[in-house]
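Inspection log for the structure reproduced underneath, given as structure tokens.
Every number in this text was worked out from the coordinates using simple rules, so none of it is lab data. All of these numbers come straight from a predicted model, not from anything done at the bench. A quick note on method: Cβ atoms are made from the backbone with ideal geometry, for glycine too, and the neighbour counts reach across all protein chains shown.
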Amino acid sequence: MDTQNRQKLKNLLIKWPKNAAVTATWLTKNNISRQLTRSYVNAGWLKKEGRGIYSRLEDRVGWENLLYALQQECEDAFHIGGYSALEHTGYAHFVRLSDFPILFLFTDNSTKRYKLPAWLKESVQNRAEIVDVHKKLFIDDHFGLREREVSAVLLKMSIPERAIFEMLSLIPDKETFEHAHYVAQGLRQMRSKLIQEALEKCLSIKAKRLFLYFAEKNNFPFLKELDLSVINLGSGDRKIGHGGSYDSKYRLSVPIIRDEENV
């Protein structure tokens with residue numbers, strides 16, 4: 001390796017985000033050509049994690065590192081949401097025993113439709129299962145999104161007060177009513193001001209009705225602090241899945257949960 005390329009490599013490793021994977025696009029922006037990238041890989045300085053995605057040789061790359069690369073390349077268009085965000089913020093219904101998580105990735109940007117790039121699908125397939133959700137769920141796309149450290153990298157994800165509405169909006173196609181029923185039992189500590197804001201900004205009538213249904217059923221303490229007079233709950237009935245039990249207040253037909261059949 002000549003002196004110029006050795007200096008480029010030194011500068012590259014200084015700029016390299018800690019514990020992160022990077023894309024070929026990122027390398028190009030940092031004056032590393034594809035040919036030079038191949039040379040660094042062949043020389044053992046870089047490791048190829050998939051098509052167009054690289055890591056430093058000493059780094060152990062998981063789905064977190066790959067998602068970091070995605071968020072950097074796609075201008076944070078994708079974020080961790082729904083149950084995945086609840087799981088990472090302490091609201092999981094059960095302890096995950098597997099190292100193979102299900103990741104709900106949301107993109108709400110209505111002005112530009114993003115697709116998951118091929119390199120992510122290829123490189124993450126043995127590390128996690130991705131559920132790709134394109135849904136404009138809130139009037140304000142940026143409401144309730146924060147950076148959170150996961151395995152030493154910062155990832156954009158929903159706060160719990162946003163994530164629960166994302167989860168409920170996916171019933172019954174990508175989430176189950178029964179799963180939401182059990183998750184909801186652990187939501188008593190949610191912040192009333194943020195729940196109020198979520199209810200006002202959420203575009204899904206179904207998600208809002210389901211949330212209030214679960215909140216009342218579990219007697220959430222923050223329920224009495226909410227101003228429901230300004231919340232648009234739509235009109236008419238809503239049927240969740242095959243229905244089974246009708247709630248007249250929120251005009252919802254919901255499945256009967258097995259452990260409640262004899263209550």
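So what's region 151-204 giving for Cα Rg divided by 2.2 N^0.38 Å, two decimals? Let's see the in-between values first.
Details: Rg = 12.5 Å, N = 54, 2.2 N^0.38 = 10.0 Å.
Region 151-204 yields a ratio of 1.25.
Okay, which of region 59-80 sit inside 18 Å, backbone N to the point 7 Å along the Cα-Cβ direction of Tyr114?
63-80
Using 18 Å as the Cα-Cα cut-off, could you pick out the over-long pairs in Lys135/Lys201; Lys193/Lys239; Lys135/Lys208; Lys18/Lys115? Please list the in-between numbers first.
Details: Lys135/Lys201 14 Å; Lys193/Lys239 29 Å; Lys135/Lys208 15 Å; Lys18/Lys115 26 Å.
Those over the limit are Lys193/Lys239; Lys18/Lys115.
Taking R0 as 51 Å, what FRET efficiency do you get between Ser245 and Arg148 from their Cβ-Cβ distance, rounded to the nearest 0.05?
Efficiency for this residue pair is about 0.90.
Provide the gained length on full extension for the span Val41 to Gln4, in nm with one decimal, where the gain is 0.36 nm per separating residue minus the Cα-Cα distance.
Numbers: separation 37, 0.36 × 37 = 13.32 nm, distance 1.70 nm.
Additional length available on full extension: 11.6 nm.
Just how large is the dipole of region 1-44 about the Cα centre, in debye to the nearest 20, putting +1 at every Lys and Arg Cβ and -1 at every Asp and Glu Cβ?
100 debye
Hey, could you get me the Stokes-Einstein D for region 115-224, Kirkwood radius over alpha-carbon pairs, 25 °C and 0.890 mPa s, rounded to whole µm² s⁻¹?
Translational diffusion coefficient: 159 µm²/s.
Using a Förster distance of 22 angstrom, determine the FRET efficiency expected from the C-beta separation of Arg188 and Ser253, and round it to 0.05.
Given R0 = 22 Å and the Cβ-Cβ separation, E is 0.30.
Determine the dipole magnitude for the chain: charges of +1 sit on the beta-carbon of Lys and Arg, -1 on that of Asp and Glu, nothing else is charged, the reference point is the Cα centre, and the result goes in debye to the nearest 20.
960 debye
Taking a cut-off of 16 Å between Cα atoms, list the lysines near Lys48, but don't count ones fewer than 8 places away on the same chain.
Within reach: Lys121.
Over its Cα atoms, what ratio of radius of gyration to 2.2 N^0.38 Å does the chain give?
Against the compact-globule rule of thumb, the ratio is 1.20.
Connecting C-alpha atoms closer than 10 Å in a GNM of the chain, tell me which of Gly82, Gly244, Gly62 has the biggest fluctuation.
Gly244
How do Ile256, Ile171, Ile14, Ile195 line up, fewest other C-beta atoms within 10 Å first?
Starting with the residue having the fewest Cβ neighbours, the order is Ile14, Ile256, Ile171, Ile195.
Projected onto the charge dipole of the chain (+1 at Lys/Arg Cβ, -1 at Asp/Glu Cβ, origin at the Cα centre), which of Thr28, Thr107, Ala77 gives the Cα projection farthest towards the positive end?
Thr28
Quick check on the chain: helices-only [θ] at 222 nm, where DSSP H runs of length 4 and up contribute -39,500 (n - 2.57) each and the sum goes over total residues. Nearest 500, please.
Computed ellipticity for the chain at 222 nm equals -10500 deg cm²/dmol.
In the Gaussian network model of the chain, springs joining C-alpha atoms below 10 Å, which of Glu197, Glu49, Glu75 carries the largest mean-square fluctuation?
Answer for the Gaussian network model of the chain: Glu75.
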